[in-house]
Amino acid sequence: MTHPKILAVLAHPDDETLGFGGTLARYAALGSETHLICATRGQRGWFGAPDDYPGPDALGAIREGELRDAAQILNLRSVQLLNYMDGELDQVEPPTIIHQLANYIRCIRPQVILTFDPYGVYGHPDHIAIAQFTTAAVVEAASSSPGNELPPHRVEALYYRVLTAAELAAYQSAFGKLVMTINGVERQATPWPDWAVSTRIDTGAYVPQVWQAVRAHCSQLPGNERLLALPTPEQQAIFGAQTFYRTFSFATAGYQQETELFQNEWIAVSA
């Protein structure tokens with residue numbers, strides 16, 4: 001049996017664990033190939049004292065190592081890091097990164113791609129940018145580009161990760177209010193209505209594995225301490241199920257909420 005492939009295209013180390021870890025671990029356990037592209041090394045994600053900040057290059061190297069440890073825990077097949085600066089992804093020339101991502105899509109040839117939603121969860125410019133670039137790259141990867149040595153590849157489905165009100169409440173009980181101020185405008189996390197959630201994946205069996213991956217991101221533990229201290233019901237609310245919006249699909253998809261990323265006509269995935 002040919003095993004399906006999932007590619008997650010994200011912005012920072014730990015995005016794969018905090019936002020997508022249960023889903024990636026689940027499908028890896030079911031025999032899918034799970035792959036990750038991370039656009040930055042999280043070079044500015046420092047939670048220690050300002051005077052102890054090791055600088056972007058040193059912190060980027062630390063966080064890359066943590067990412068690879070977490071990827072091993074989640075059983076990812078491959079990790080590709082792009083060389084963009086944390087916090088500046090929205091300033092990258094779109095044709096450059098879109099072409100780069102399209103080439104990875106053609107090389108990996110996934111059936112399903114996962115990324116952030118257009119609002120970047122809570123308005124994070126890097127999250128918004130990678131969602132836009134990934135969506136465009138899916139289109140480019142399927143087109144015939146002159147001079148490209150890799151054959152085109154049509155992705156069967158693209159999913160945006162979305163948070164319901166219950167998930168968002170659980171996150172904010174740990175991290176506090178998810179808010180950013182960009183150009184003087186406050187951006188807040190806004191839940192997706194339940195009726196707009198196209199896909200809900202049961203990831204409850206993989207919560208311990210995800211917690212282990214969370215701990216692998218040691219440099220981020222000062223910010224994750226409250227997350228690790230959550231009571232069991234709230235831990236389950238965050239990692240026990242993960243919700244997505246099916247942006248598009250070439251397979252049959254009705255109005256019923258999906259419980260799998262792969263449709264029967266693509267491939268049979270069995271536990």
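Out of the residues in region 209-248 meeting the condition of being at pLDDT 90 or above and part of a strand (DSSP E or B), tell me which one is surrounded by the fewest Cβ atoms within 10 Å (Cβ to Cβ). Give the derivation first.
In the first step, residues of region 209-248 are kept if they are at pLDDT 90 or above; the result is 209-219, 240-247.
Narrowing further to those that are part of a strand (DSSP E or B): 241-247.
On the way: ALA241: 18, GLN242: 26, THR243: 23, PHE244: 24, TYR245: 16, ARG246: 18, THR247: 18.
So, considering only residues that are at pLDDT 90 or above and part of a strand (DSSP E or B), the one surrounded by the fewest Cβ atoms within 10 Å (Cβ to Cβ) is TYR245.
Please identify the pairs in which a residue from region 1-26 that is closer than 13 Å to ILE73 by Cβ has its Cβ atom under 6 Å from the Cβ atom of a residue that is of a type in the set (Ser, Thr, Tyr), counting only partners at least 6 apart or on another chain.
The qualifying pairs are GLY22/THR203; GLY22/TYR206; LEU24/THR34; ALA25/TYR206.
I'm told ILE201 meets every condition in (1) of a type outside the set (S, T, N, Q); (2) over 20 Å from ARG161 (Cα atoms); (3) at pLDDT 90 or above except one. Can you identify the failing condition by its number?
(2)
Being assigned to a strand (DSSP E or B) and over 10 Å from LEU7 (Cα atoms) is the filter here, so list the residues in region 30-44 that pass it.
Result: CYS38, ALA39, THR40.
Residues that are acidic (Asp, Glu), crowded, with 16+ Cβ neighbours inside 10 Å and either over 22 Å from VAL197 (Cβ atoms) or at pLDDT 95 or above (or both): does region 115-126 have at least one?
Within region 115-126, one or more residues are acidic (Asp, Glu), crowded, with 16+ Cβ neighbours inside 10 Å and either over 22 Å from VAL197 (Cβ atoms) or at pLDDT 95 or above (or both).
Whether any residue in region 13-29 is surrounded by fewer than 22 Cβ atoms within 10 Å (Cβ to Cβ), at pLDDT 95 or above and of a type in the set (A, V, I, L, M) is what I want to check.
Looking through region 13-29, at least one residue is surrounded by fewer than 22 Cβ atoms within 10 Å (Cβ to Cβ), at pLDDT 95 or above and of a type in the set (A, V, I, L, M).
Which one is surrounded by the most Cβ atoms within 10 Å (Cβ to Cβ), of the residues in region 161-178 that are in contact with a strand residue (DSSP E or B) (Cβ under 9 Å, 6 or more places away or on another chain) and under 13 Å from LEU18 (Cα atoms)?
Among those that are in contact with a strand residue (DSSP E or B) (Cβ under 9 Å, 6 or more places away or on another chain) and under 13 Å from LEU18 (Cα atoms), it is LEU163.
So which residues in region 179-194 are more than 22 Å from GLY22 (Cα to Cα) and touching a helix residue (DSSP H, G or I) at 6+ places or on another chain (Cβ under 6 Å)?
MET180, ARG187
For region 134-146, how many residues meet the condition of being touching a residue at least 60 places away in the same chain (Cβ under 8 Å) and surrounded by 21 or more Cβ atoms within 10 Å (Cβ to Cβ)?
Going through region 134-146 one residue at a time, the tally reaches 2.
Can you list residue pairs whose Cβ atoms sit under 8 Å apart, with the first residue in region 210-228 being closer than 16 Å to ALA71 by Cα and free of Cβ contacts under 8 Å to residues at least 60 places away in the same chain and the second being assigned to a helix (DSSP H, G or I) and of a type outside the set (A, V, I, L, M, F, W, C)? Count only pairs 6 or more apart in sequence or on different chains.
Cβ pairs passing all conditions: TRP211/GLN235.
I'm trying to understand the selection: among the residues of region 258-269, which are part of a loop (DSSP other than H, G, I, E, B) and either at pLDDT below 80 or surrounded by 13 or more Cβ atoms within 10 Å (Cβ to Cβ) (or both)?
Within region 258-269, GLU260, LEU261, PHE262, GLN263, ASN264, GLU265, TRP266, ILE267, ALA268, VAL269 meet the criteria.
Do we find a residue being without any contact (Cβ under 8 Å) to a residue 40 or more places away in the chain and of a type outside the set (D, E, K, R) anywhere in region 153-164?
no
Of the residues that sit in region 195-214 and are touching a helix residue (DSSP H, G or I) at 6+ places or on another chain (Cβ under 7 Å) and not β-branched (Val, Ile, Thr), which one is nearest to ALA58 (Cα to Cα)?
So in region 195-214, the residues touching a helix residue (DSSP H, G or I) at 6+ places or on another chain (Cβ under 7 Å) come out as 201, 203-204, 206-207, 209-210, 212-214.
Now restrict to residues that are not β-branched (Val, Ile, Thr): 204, 206, 209, 212-213.
Details: GLY204: 35, TYR206: 32, GLN209: 28, GLN212: 24, ALA213: 21 Å.
Looking at residues that are touching a helix residue (DSSP H, G or I) at 6+ places or on another chain (Cβ under 7 Å) and not β-branched (Val, Ile, Thr), I get ALA213.
Within region 147-155, identify whether any single residue is acidic (Asp, Glu) and either in a helix (DSSP H, G or I) or crowded, with 19+ Cβ neighbours inside 10 Å (or both), and answer yes or no. Even if it seems obvious, please write down each step before you answer.
First, the residues of region 147-155 that are acidic (Asp, Glu): 149.
Keeping just the survivors that are either in a helix (DSSP H, G or I) or crowded, with 19+ Cβ neighbours inside 10 Å (or both) gives none.
The answer is no; no qualifying residue exists.
For every residue, the table says whether it meets (1) crowded, with 24+ Cβ neighbours inside 10 Å; (2) more than 30 Å from SER144 (Cβ to Cβ); (3) touching a Ser or Thr at 6+ places or on another chain (Cβ under 6 Å).
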position: HIS3; (1), (2), (3): no, no, yes
position: SER32; (1), (2), (3): no, no, no
position: TYR53; (1), (2), (3): no, yes, no
position: ILE62; (1), (2), (3): no, yes, yes
position: ALA70; (1), (2), (3): yes, yes, yes
position: TYR104; (1), (2), (3): no, no, no
position: ILE113; (1), (2), (3): yes, no, no
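Which residue out of ILE97, ILE113 is more than 26 Å from LYS177 (Cα to Cα), β-branched (Val, Ile, Thr), part of a strand (DSSP E or B) and in contact with a Phe, Trp or Tyr (Cβ under 8 Å, 6 or more places away or on another chain)?
Testing whether each residue is more than 26 Å from LYS177 (Cα to Cα), β-branched (Val, Ile, Thr), part of a strand (DSSP E or B) and in contact with a Phe, Trp or Tyr (Cβ under 8 Å, 6 or more places away or on another chain) leaves just ILE113.
The values are calculated or read from the model by the stated rules, or taken from the named source; none is laboratory data. None of these values were measured; they are calculated from a predicted model. With ideal geometry, Cβ positions are generated from the backbone for all residues, glycine too; neighbour counts draw on all protein chains shown.
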